[in-house]
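The values are calculated or read from the model by the stated rules, or taken from the named source; none is laboratory data. None of these values were measured; they are calculated from a predicted model. Cβ placement follows ideal geometry from the backbone for every residue including glycine, while neighbour counts extend to all protein chains displayed.
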Amino acid sequence: MATSLLERALRHDRTLVASVLLVVVVLCWAYLVVGAGVMTGMAGEMAMAPVAWTPAHALTLLAMWAIMMVAMMLPGAAPLLLLFVAIGRARHSSAWRMAASGMFSLGYIAIWTAFSLAAVVLQFALERAALLSPMMQTTSTALAGAVLIAAGIYQWTPLKHACLRHCRSPLDFVLTHWREGLRGAFAMGFRHGIYCLGCCWVLMLLLFVGGVMNLLWIAGLALLVLMEKLAPAGHWLGWTTGAALVVWGSVVLMTVY
């Protein structure tokens, strides 16, 4: 009976993949909610006695960043992943498609895990320079303004919009970058992750402006990324957001000088 139930579930693989994605994203957001609550309670203690940077502490931060990137970025990759599963239907068994979708997701997550490692290194440098609060928000108004302006300018660059086009066109991506086999599925996810990183990495640095554990800020950035990738006017949203960030950053810098 268990085998029969599994076979029936695999026949609806797109629904199964979508359900697994939803569960993973919900669990990641639940982790962030709990983590933000813990960080808020510990903020005062950390201000009095900063946490030492041990290997265990660095690994904990890496896990936190990686989970946060999955929560923020994986929903935007869902249309491509579901298209990947649908195209594989004519070529492979349901079990293979499920395994391939997992490999695709791992390739995508690998890129954002690499970004998370870079973010932890940057966080360490900011803390050493006394530029980061216990809530992981920059304490430098000048730095905050500069990051806002840099993020806004990047929104206008050809690289940003070239990467965004790949993220907004799942069918074009599949036709251009299709690879066979499970290793090919991983490579496709890895390649798509590179495009998404090229599209959004500067926006992710804004987490240091609003606070890495500020749930509203995290949710706002995640919604912006999702709308850029999926909304009909997402391409123009990037230009508009860029202008808003440049103006915001300029106003912030004016309060310094």
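Scanning segment 141-163 for residues that are among the small types (G, A, S) and more than 22 Å from L61 (Cα to Cα), which turns out farthest from the chain's Cα centre (by Cα)? Quick ask: steps written out before the conclusion?
So in segment 141-163, the residues among the small types (G, A, S) come out as 142, 144-146, 150-152, 162.
From the residues that got through so far, the ones that are more than 22 Å from L61 (Cα to Cα) too are 142, 145-146, 150-152, 162.
Values: A142: 26, G145: 22, A146: 22, A150: 19, A151: 16, G152: 18, A162: 18 Å.
Checking each candidate, the answer is A142.
Need the failing condition index for P134 against (1) surrounded by fewer than 16 Cβ atoms within 10 Å (Cβ to Cβ); (2) part of a loop (DSSP other than H, G, I, E, B), just the number.
It is condition (1) that P134 fails.
Of all residues in segment 197-232 being under 13 Å from the mean Cα position of the chain (by Cα) and surrounded by fewer than 16 Cβ atoms within 10 Å (Cβ to Cβ), which is farthest from V25 (Cα to Cα)?
My answer is G220.
Read through the list (1) touching a helix residue (DSSP H, G or I) at 6+ places or on another chain (Cβ under 7 Å); (2) over 25 Å from M64 (Cα atoms), then give the number of the only condition that S101 fails.
(2)
Only one of A9, A71, A47 is surrounded by fewer than 15 Cβ atoms within 10 Å (Cβ to Cβ) and either modelled with pLDDT of 80 or more or touching a Leu at 6+ places or on another chain (Cβ under 8 Å) (or both). Can you tell me which? It would help to see each step written out before you state the result.
Working: A71 fails: surrounded by fewer than 15 Cβ atoms within 10 Å (Cβ to Cβ); A47 fails: either modelled with pLDDT of 80 or more or touching a Leu at 6+ places or on another chain (Cβ under 8 Å) (or both).
Exactly one residue qualifies, and that residue is A9.
Just to verify a result, which residue in segment 151-196, among those that are crowded, with 16+ Cβ neighbours inside 10 Å and of a type in the set (G, A, S), is farthest from L253 (Cα to Cα)?
Top of the filtered list is G184.
Does F104 qualify as being within 25 Å of A185 (Cα to Cα), modelled with pLDDT under 95 and assigned to a helix (DSSP H, G or I)? Reasoning before the result, please.
Working: within 25 Å of A185 (Cα to Cα): yes; modelled with pLDDT under 95: yes; assigned to a helix (DSSP H, G or I): yes.
Here the answer is yes, as F104 does meet what is asked.
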